[in-house]
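Everything below concerns the one structure shown next.
What follows draws every value from the coordinates through simple rules; no lab data is involved. What you are looking at is a predicted structure, and each value in this text was computed from that prediction instead of being measured. With ideal geometry, Cβ positions are generated from the backbone for all residues, glycine too; neighbour counts draw on all protein chains shown.
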Ligand code: PLP
């Protein structure tokens, strides 16, 4: 049985070009980039070159790139290391757990945490972000707003928020978790006005366990780990040279292919939704309308009649269709999705959401097969 993977927001297969690059580096000499001998210098060169390529793809300076172990670490570093002492934190209510948990931790340590609500489509109102950012004392020191939601695909109005924040007398730092956006949306870091942004290689055809934190020049961030001076002292520890090189290649390719990929993903996503709708006229699409510009291309969150998302995921898996209930990270628990709750769904419905996400390898045959499997399983 050919399995259909429609869970690309959880992870994507590594691109063959990226795998080839990874293997090439692994086949080279084993060396620590901090070693002074020839092999060490070669490893250093590879990391430096990866940094330059990543910076060029993101349109920023190479000194603004910090390699990390993934989106989770980048978000932790941005929040725990970036929030200026004695200030308040502002986030949306629908952030990934790798933003919400550090926020909760900071709150326990005494930093006020102001949450911005979302509307029924999962979007924040920029004016509401501004309001929270200027609220009372202590002043807001950092605003964190994701570029695109991993569960429902809502794209947040980052440029508008950035502009409003820039007009403040004491502007807070602005961070974006752009893990789901890179390779699918334009990521104009300068015009968003962000100081910090998080990325993860495995969401865009790169290896798992490697990510990037963009840190605008001059922005102060405290390291979470203490040790050597790697990554400007911000992320000590011997670099995973092969993974970093492969990640930079994946980022370059994802940015290069973005426009073609996102229009194809949007078309496949629309086809998938139309197929599901035809099979289940009472099915409901969560988040922005299917063709809205505020929807991440190829991400669908749907409510099907009378089924709990988690149970359905298991049944679909047995039939050869890989999807997820809410976010992958939350899917091990019975908790309803905090994103769907924030969008106004009741607990029962917030447990019923099914996420289907399209990737580079997805074909029209996959879409037709997925619709057929869902129809057979739920019909
Ligand atoms: N942020 C978002 C929006 C995500 O979707 C994910 C992954 O699910 C992460 C952060 C965490 O990234 P990583 O898996 O690289 O730790």
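So here's what we get for this one:
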| quantity | calculated |
| --- | --- |
| Antiparallel content of DSSP bridges confined to region 48-160, in %, to 5 | 10 |
| Estimated D of the chain in µm² per second, where Rh is the Kirkwood radius over Cα pairs and Stokes-Einstein applies at 10 °C, 1.306 mPa s | 75 |
| Among 108-117, 241-250, the order from most to least packed when residues are scored by Cβ within 10 Å on average | 241-250, 108-117 |
| Orientation-averaged projected area, Cα convex hull of region 217-321 (nm²) | 11.4 |
| Sequence-separation-based contact order of region 180-270, relative, with Cα cut under 8 Å and 6+ spacing, percent | 33 |
| CD proxy at 222 nm, helix term only [per DSSP H run n ≥ 4: -39500 (n - 2.57); per residue of the chain; nearest 500] | -12500 deg cm²/dmol |
| Rounded if a/c under 1.5, otherwise prolate or oblate - region 274-379, Cα gyration tensor axes | rounded |
| For region 46-145: rounded, prolate or oblate by the Cα gyration tensor [a/c cutoff 1.5] | prolate |
| Fraction of antiparallel bridges per DSSP, the chain only, in percent to nearest 5 | 55 |
| Order by protection proxy (mean Cβ within 10 Å, highest first), peptides 10-18, 355-363 | 355-363, 10-18 |
| Theoretical gain in end-to-end length, residue 170 to residue 364 [0.36 nm per residue, Cα-Cα removed] | 64.8 nm |
